[in-house]
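Asks: Right, I'll just put the structure down here and ask away after.
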There are 2 protein chains.
Amino acid sequence: MKIAVLGTGMVGRGFATKLTSLGHEVTIGTRNVETTQTSKVGDATFTEWLAASGGIGLRTYRDASADADLVLNATAGVHSLEALESIGDEVLGGKVLLDLAIPLDLSNGMPPTLTTANSDSLGEQIQRAFPSARVVKSLHTMYFEVMLDPSRIPGEHDVFVAGNDEDAKEVVRGLLAEFGWPAKSIIDLGDITTARATEMYSRLFFALYGQLRTFDFNIHVVRAAA
Amino acid sequence: MKIAVLGTGMVGRGFATKLTSLGHEVTIGTRNVETTQTSKVGDATFTEWLAASGGIGLRTYRDASADADLVLNATAGVHSLEALESIGDEVLGGKVLLDLAIPLDLSNGMPPTLTTANSDSLGEQIQRAFPSARVVKSLHTMYFEVMLDPSRIPGEHDVFVAGNDEDAKEVVRGLLAEFGWPAKSIIDLGDITTARATEMYSRLFFALYGQLRTFDFNIHVVRAAA
């Protein structure tokens, strides 16, 4: 697939690298290409990091998304709507928009609160703002390295998907399978309103991080035998 | 222990019955004793249900709590503060207050929203309102039958505790062990502010219920080997 990864941070770069290694054609989207090119990734510039990345492109949010089959939102939750606004509903229309973002307010430190919760969610806000996009909320209930490599955690553990478009969820299920997620570990929560459930779970994620002092954990939904 | 179970509903009765069978001296607390006595439990009156219960008492919230070692809040979250107000900080002072309640707003149907979330929680509100009580938030991340009998779910799954008083959490751990919870399945999340985490998790609980169509599930926190 042609995939636009929105966001130049650790999560965006991690997804771009993994998706490229899986054979997808990846372009990273950013607000300002020139600023990103000269920004640092460790000791290298972003341009040097791109050159060593095996073919990842860099364009504006809008240009990266224009001919993408799937747009992956890996921007910080508080900036996601603005980033998507620069792309617009007409460009996002019909595309699968895989939303990883959590609306974290880190202005008061850890653990973060949410800028929206309970009676709304970022996933719903995005779907409302871009009604032609096929928004799927997934993966954001764990650290990004676990998203991309579930085998970091032993045994069974689960990932959730939420969205209004069944075909779009099927596309995301396919991508999750490429990352190594077994079909039985992918739990469909229902429509995009269930993004509230997984976004609000983030508070428990951070509480668990506070105690376990590692990001290498995830949850498994354990059921009684039917 | 002498235990006051606040709340006459399914959860309160379930805990009262289980705790009695474990040898504790249980009194159910209610707002109005006479109204409760004539209320129905299935086809029986509450008085008939009590008579068959093996010695469970029924008194007002305040009288039930007066000589209790542990007060268990099994009232509906939206009524909890009012119920505890009728007892008062002077009676609750020094006692372990095990809070099971979730501040569910069911006025718009299922799934419920929360009357407080994100920057506060019912657990914190209770601890602030009754500063002398030793509030421990636990157990409310699953259906009450699972709380009381974790063996309903096969394999490992977890229960959380949150609270400011380490000794009070130790008392609750002991009670959880009596219900059948292995020590390794009891996860201490930290102080009472982490009640936000487990109360906000309720949205995911209800989303999972919506899909699984059973209450017989729980989550297990799966960690990478240290």
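Each row is one residue, and each column tells you yes or no for (1) over 17 Å from residue A:17 (Cβ atoms); (2) touching a residue at least 24 places away in the same chain (Cβ under 8 Å); (3) in contact with a Ser or Thr (Cβ under 7 Å, 6 or more places away or on another chain).
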site	(1), (2), (3)
A:138	yes, yes, no
A:143	no, yes, no
A:146	no, yes, no
A:155	yes, yes, no
A:159	yes, yes, yes
A:167	yes, yes, no
A:170	yes, no, no
A:173	yes, no, no
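Asks: Would you confirm whether any residue within region A:118-126 is of a type in the set (Val, Ile, Thr), out of contact with any Cys (no Cβ under 9 Å at 6 or more places or on another chain) and under 22 Å from residue A:177 (Cα atoms)?
Replies: No, region A:118-126 contains no residue that is of a type in the set (Val, Ile, Thr), out of contact with any Cys (no Cβ under 9 Å at 6 or more places or on another chain) and under 22 Å from residue A:177 (Cα atoms).
Asks: Also: Say we look at region A:1-41 and pick out the residues that are among the aliphatic types (A, V, I, L, M) and assigned to a helix (DSSP H, G or I); which of these is most open to solvent (accessible area, probe 1.4 Å)?
Replies: A:10
Asks: Please go through region A:131-146 and give me each residue that is more than 10 Å from chain B (Cβ to nearest Cβ) and touching a helix residue (DSSP H, G or I) at 6+ places or on another chain (Cβ under 7 Å), ordered by number.
Replies: A:131, A:132, A:133, A:134, A:135, A:136, A:137, A:138, A:139, A:140, A:144, A:145 - these are the residues of region A:131-146 that are more than 10 Å from chain B (Cβ to nearest Cβ) and touching a helix residue (DSSP H, G or I) at 6+ places or on another chain (Cβ under 7 Å).
Asks: While we're on this one: Return the only residue of A:152, A:223, A:128 being more than 8 Å from chain B (Cβ to nearest Cβ) and open to solvent by 30 Å² or more (accessible area, probe 1.4 Å).
Replies: From the options A:152, A:223, A:128, the qualifying one is A:128.
For (1) more than 18 Å from the chain's Cα centre (by Cα); (2) within 20 Å of residue A:149 (Cα to Cα), each residue gets a yes or a no:
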site: A:25; (1), (2): no, yes
site: A:32; (1), (2): yes, no
site: A:41; (1), (2): yes, no
site: A:53; (1), (2): yes, yes
site: A:80; (1), (2): no, no
site: A:85; (1), (2): no, no
site: A:95; (1), (2): no, no
site: A:107; (1), (2): yes, no
site: A:113; (1), (2): yes, no
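Asks: Has region A:194-210 got at least one residue that is among the β-branched types (Val, Ile, Thr) and either touching a Ser or Thr at 6+ places or on another chain (Cβ under 6 Å) or at pLDDT below 95 (or both)?
Replies: For region A:194-210, residues among the β-branched types (Val, Ile, Thr) and either touching a Ser or Thr at 6+ places or on another chain (Cβ under 6 Å) or at pLDDT below 95 (or both): present.
Asks: Restricting attention to region B:206-220, and to residues there that are surrounded by 15 or more Cβ atoms within 10 Å (Cβ to Cβ) and more than 7 Å from chain A (Cβ to nearest Cβ), which single residue is nearest to residue B:181 (Cα to Cα)?
Replies: Per the criteria, the residue is B:215.
Asks: Please list, ordered by first then second residue, the pairs with beta carbon atoms under 7 Å, 6 or more apart or interchain, first in region B:183-206 and over 24 Å from residue B:132 (Cα atoms) and in contact (Cβ under 8 Å) with a residue 60 or more places away in the chain, second among the hydroxyl-bearing types (Ser, Thr, Tyr) and part of a helix (DSSP H, G or I).
Replies: B:201/A:201
Asks: Continuing with this model, one more query. Out of A:58, A:104, A:6, report the one residue that is out of contact with any Gly (no Cβ under 7 Å at 6 or more places or on another chain) and on the phi < 0 side of the Ramachandran plot.
Replies: A:58
Asks: Mind checking which helices (runs of 4 or more DSSP H) fall wholly inside region A:45-109 and carry at least 1 residues that are open to solvent by 30 Å² or more (accessible area, probe 1.4 Å) and of a type in the set (Lys, Arg)?
Replies: Filter on region A:45-109 gives A:61-66.
Asks: Still on this structure: Filter region B:155-205 down to the residues that are open to solvent by 10 Å² or more (accessible area, probe 1.4 Å), farther than 18 Å from residue A:211 by Cβ and within 14 Å of another protein chain (Cβ to nearest Cβ) and list them by number.
Replies: Within region B:155-205, B:155, B:203, B:205 meet the criteria.
The values are calculated or read from the model by the stated rules, or taken from the named source; none is laboratory data. Predicted, not measured: the structure shown is a model, and the values here were computed from it. Every residue, glycine among them, receives a Cβ derived from its backbone with ideal geometry; neighbour counts consider all protein chains shown. Each accessible area value is taken on the protein alone, full model and side chains, heavy atoms only, with ligands, DNA and RNA left out. Shrake-Rupley method; radii C 1.70, N 1.55, O 1.52, S 1.80 Å.
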